[in-house]
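Novice: Have a look at this one.
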Amino acid sequence: MDNSKIARPRLERMLNGMPLKMQNKVTQVLENISLVAEIRDPKVGISMLPSAYRGLWQKKGKSEDGVLMKSGHPVHFDLNYGSDFPEMYDLYRRAVANQWDGEWQLDWSTQVDPMNPEVPILGSTPFIPFDDLEAEGIKLSAREKQELTYHFSAWMLSQFMHGEQGALYASAQCTESVKWVDAKLYGATQVMDEGRHLEVFLRYLETKLERMYKVNDNLFVIIDDLLTDSRWDIKFLGMQIMVEGLALGAFSTMYNQTGEPLLKNLLRYVIQDEARHVHYGVLALREHFTKNLSGTELREREDWAFEVAMLMRNRFFAHEIYDEWFAHKLSRATWNRLMSESPAMTKFRSIMFQRLVPNLQYIGLLSPRMESYYEKAGLMAYVGGKNASELTEQDLLRDNDKLAEQAMKDARNAA
């Protein structure tokens, strides 16, 4: 008999007997413990523990204005200057040809009213499960629902912005540590891309939404872990495949949902760049993972990728929104369940992972050993999809335009 199935009702009964504030504190501690305890590979657990401690227990991302992260990665200075990676050089030329300027190519004179339902920041499908909240006794007026949707939009875009700052630093580190000159040339274009992304998300939050949220704890753990890891391929895997791959799905979801023209155009430019960034990652890592690593090293990277995928999935419980709106009305455990089961959030996670899983498969990190873990997490459905080397920027934008058009039709039909 599964002892966890017996223990869970007992725990729920114990929590229900506590004041709500204490319930939430206990639930949060148990979440943090379970997150670390579920890491199967001891090496992965040990390597991630300092970042988990800083992010989940010390909450460095929320308690300080800046965090010092010591990286200590080796720098590869090439003295041969040979052009020995033609695919990477082609990607570099594409990146140079598609640079853009957020100051001049985005219309910042656009008036944005996040409370205007006629021009929604997010579409008609609510990410917040309003009906389920009402079933729990929390009734919101139409005005409150609109305001909560506005805050959730600001929360999502804030996490995008924090991720872009992490990507800026990680791409600079990758450019230093990668060994191919062609990859260094491309890496330099990505550093510029990430700086521009940070600029435009920050400007949109400050001048249009006038609201910003602190970095999510799970996202902070991932950024801290990959920036402080000395291994170049872990930096590539963490940023180029995991964070950038999932971000591509997240950006696409918001692009398909939004009716606000400035944000839609901003996301269109960002998606174009992100497609190249993930392509960069699969080019750099495929041969390295399939030919240069020992079995033990490869298994460690397989486990690391899976644990980061779970962290990223849990990131979208939006605890920052919960703390602001519902911590005094609803238990954290109930909020987690409602957000897990929300149709919009389920679809959101689906789009995110449909971009990630084929890339993990392509670079050799989805071995038969890992399939049961991805199956249990509900992610095997995305195996066999197109990986980043098979998708151009134009492919992604064309697919997103089709999805956005369908979302608008659905919204009109619902109205």
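Okay, residues lined up against (1) surrounded by fewer than 24 Cβ atoms within 10 Å (Cβ to Cβ); (2) in contact (Cβ under 8 Å) with a residue 24 or more places away in the chain; (3) within 23 Å of VAL200 (Cα to Cα):
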site: ILE234; (1), (2), (3): yes, yes, no
site: LEU237; (1), (2), (3): no, yes, no
site: GLY259; (1), (2), (3): yes, yes, yes
site: PHE289; (1), (2), (3): yes, yes, no
site: GLY295; (1), (2), (3): yes, no, no
site: ARG299; (1), (2), (3): yes, yes, no
site: VAL308; (1), (2), (3): no, yes, no
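Novice: Now a separate question. Counting only residues that are among the aromatic types (Phe, Trp, Tyr), in a helix (DSSP H, G or I) and within 20 Å of the chain's Cα centre (by Cα), how many does the stretch 304-325 have? Break it down into steps so the answer makes sense when it comes.
Specialist: First, pick out the residues of the stretch 304-325 that are among the aromatic types (Phe, Trp, Tyr): 304, 306, 316-317, 322, 325.
Now narrow it down to the ones that are in a helix (DSSP H, G or I): 304, 306, 322, 325.
Now restrict to residues that are within 20 Å of the chain's Cα centre (by Cα): 304, 306, 322.
Qualifying residue count, the stretch 304-325: 3.
Novice: Among the residues of the stretch 190-221, which ones are assigned to a loop (DSSP other than H, G, I, E, B), under 18 Å from TRP108 (Cβ atoms) and touching a helix residue (DSSP H, G or I) at 6+ places or on another chain (Cβ under 6 Å)? Lay out the reasoning, then the answer.
Specialist: Our first condition is that a residue be assigned to a loop (DSSP other than H, G, I, E, B); within the stretch 190-221, this holds for 210-216.
Filter once more, keeping what is under 18 Å from TRP108 (Cβ atoms): 210-212.
The answer is ARG211, MET212.
Novice: Exactly one condition in (1) of a type in the set (Phe, Trp, Tyr); (2) over 25 Å from LEU49 (Cβ atoms); (3) at pLDDT below 90 is false for TYR269; which is it?
Specialist: Going through the list (1) of a type in the set (Phe, Trp, Tyr); (2) over 25 Å from LEU49 (Cβ atoms); (3) at pLDDT below 90, TYR269 breaks only (3).
Novice: May I pose another question? Test SER71 against the criterion of being part of a helix (DSSP H, G or I), of a type in the set (S, T, N, Q) and modelled with pLDDT under 85, and give yes or no.
Specialist: Details: part of a helix (DSSP H, G or I): no; of a type in the set (S, T, N, Q): yes; modelled with pLDDT under 85: yes.
Taking the combined requirement at face value, the residue does not satisfy it.
Novice: Let me ask something else about it. Only one of these conditions is not met by ASP217: (1) acidic (Asp, Glu); (2) over 30 Å from ASP84 (Cβ atoms); (3) surrounded by fewer than 20 Cβ atoms within 10 Å (Cβ to Cβ). Which number is it?
Specialist: (3)
Novice: Looking at PHE201, is it within 16 Å of the chain's Cα centre (by Cα), among the aromatic types (Phe, Trp, Tyr), buried (at least 24 other Cβ atoms within 10 Å of the Cβ) and at pLDDT 90 or above? Full working, then the answer.
Specialist: On the way: within 16 Å of the chain's Cα centre (by Cα): yes; among the aromatic types (Phe, Trp, Tyr): yes; buried (at least 24 other Cβ atoms within 10 Å of the Cβ): yes; at pLDDT 90 or above: yes.
So PHE201 passes the test.
Conditions (1) touching a helix residue (DSSP H, G or I) at 6+ places or on another chain (Cβ under 6 Å); (2) farther than 24 Å from MET254 by Cα; (3) surrounded by 14 or more Cβ atoms within 10 Å (Cβ to Cβ), marked per residue:
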residue: THR334; (1), (2), (3): no, yes, yes
residue: LEU338; (1), (2), (3): yes, no, yes
residue: THR346; (1), (2), (3): no, no, no
residue: ARG355; (1), (2), (3): yes, no, yes
residue: PRO358; (1), (2), (3): no, no, yes
residue: GLN361; (1), (2), (3): no, yes, yes
residue: LEU365; (1), (2), (3): yes, yes, yes
residue: SER372; (1), (2), (3): no, yes, no
residue: ALA381; (1), (2), (3): no, no, no
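Novice: If the Cβ limit is 6 Å and pairs must be 6+ apart or interchain, which residue in the stretch 65-90 that is on the phi < 0 side of the Ramachandran plot pairs with which residue that is aliphatic (A, V, I, L, M)?
Specialist: Qualifying pairs under 6 Å: MET69/LEU227; SER71/LEU227; ASP78/VAL181; GLU87/LEU283; MET88/ALA183; MET88/LEU283.
Novice: Right, something else. Considering only the stretch 75-92, how many residues are not aliphatic (A, V, I, L, M) and not in a loop (DSSP other than H, G, I, E, B)? I'd like the intermediate steps shown before the answer.
Specialist: Step one: list which residues in the stretch 75-92 are not aliphatic (A, V, I, L, M), which gives 76-78, 80-87, 89-90, 92.
From what's left, not in a loop (DSSP other than H, G, I, E, B): 86-87, 89-90, 92.
The number of residues fulfilling the criteria is 5.
Novice: Counting only residues that are over 30 Å from GLU260 (Cα atoms) and crowded, with 18+ Cβ neighbours inside 10 Å, how many does the stretch 183-198 have?
Specialist: Taking the stretch 183-198 first, the residues over 30 Å from GLU260 (Cα atoms) are 183-188.
Cutting the leftovers down to crowded, with 18+ Cβ neighbours inside 10 Å gives us 183-187.
Residues in the stretch 183-198 being over 30 Å from GLU260 (Cα atoms) and crowded, with 18+ Cβ neighbours inside 10 Å: 5 in total.
Novice: Ok, one more. Out of ASP323, ASP399, ASP410, ASP395, I need the residue that is at pLDDT 75 or above and of a type outside the set (A, V, I, L, M). Which one? First the steps, then the outcome.
Specialist: On the way: ASP399 fails: at pLDDT 75 or above; ASP410 fails: at pLDDT 75 or above; ASP395 fails: at pLDDT 75 or above.
Within the list ASP323, ASP399, ASP410, ASP395, the selection yields ASP323.
Novice: Report whether or not ALA95 is small (Gly, Ala, Ser), assigned to a helix (DSSP H, G or I), modelled with pLDDT of 85 or more and in contact with a helix residue (DSSP H, G or I) (Cβ under 8 Å, 6 or more places away or on another chain). Step through it out loud before you land on a result.
Specialist: Details: small (Gly, Ala, Ser): yes; assigned to a helix (DSSP H, G or I): yes; modelled with pLDDT of 85 or more: yes; in contact with a helix residue (DSSP H, G or I) (Cβ under 8 Å, 6 or more places away or on another chain): yes.
Yes.
Novice: Only one residue in THR149, THR189 is out of contact with any strand residue (DSSP E or B) (no Cβ under 7 Å at 6 or more places or on another chain) and at pLDDT 95 or above, so which one is that?
Specialist: On the way: THR149 fails: at pLDDT 95 or above.
After applying the criteria, what remains is THR189.
Novice: Find the helices (runs of 4 or more DSSP H) located wholly in the stretch 326-384 whose residues include 3 or more that are closer than 27 Å to LEU122 by Cα and touching a residue at least 60 places away in the same chain (Cβ under 8 Å), and list them. Please lay out each step first, then the result.
Specialist: Details: elements: 332-341, 343-362, 368-376.
It comes to 332-341, 343-362.
Novice: Out of the residues in the stretch 140-182 that are of a type in the set (Asp, Glu) and over 24 Å from TYR213 (Cβ atoms), state the one that is surrounded by the fewest Cβ atoms within 10 Å (Cβ to Cβ). Spell out the reasoning first.
Specialist: Of all residues in the stretch 140-182, those of a type in the set (Asp, Glu) come to 144, 147, 164, 176, 182.
From the residues that got through so far, the ones that are over 24 Å from TYR213 (Cβ atoms) too are 176, 182.
Numbers: GLU176: 17, ASP182: 20.
Among those residues, the one meeting the criterion is GLU176.
Novice: When the stretch 120-153 is examined, which residues are found to be part of a loop (DSSP other than H, G, I, E, B) and closer than 28 Å to LEU267 by Cα?
Specialist: From the stretch 120-153, those part of a loop (DSSP other than H, G, I, E, B) are 120-129, 136-141; that's our starting set.
Result: PRO120, ILE121, LEU122, GLY123, SER124, THR125, PRO126, PHE127, ILE128, PRO129.
Novice: Can you tell me how many residues within the stretch 121-139 are within 25 Å of ALA247 (Cα to Cα) and surrounded by 21 or more Cβ atoms within 10 Å (Cβ to Cβ)?
Specialist: At the first step, the residues of the stretch 121-139 found to be within 25 Å of ALA247 (Cα to Cα) are 121-129.
Then keep just the ones that are surrounded by 21 or more Cβ atoms within 10 Å (Cβ to Cβ); that gives 121-123, 127-128.
The number of residues fulfilling the criteria is 5.
The values are calculated or read from the model by the stated rules, or taken from the named source; none is laboratory data. Since this is a predicted model, take the numbers as computed values, not measurements. We place every Cβ from the backbone using ideal geometry, glycine too, and count neighbours over all the protein chains shown.
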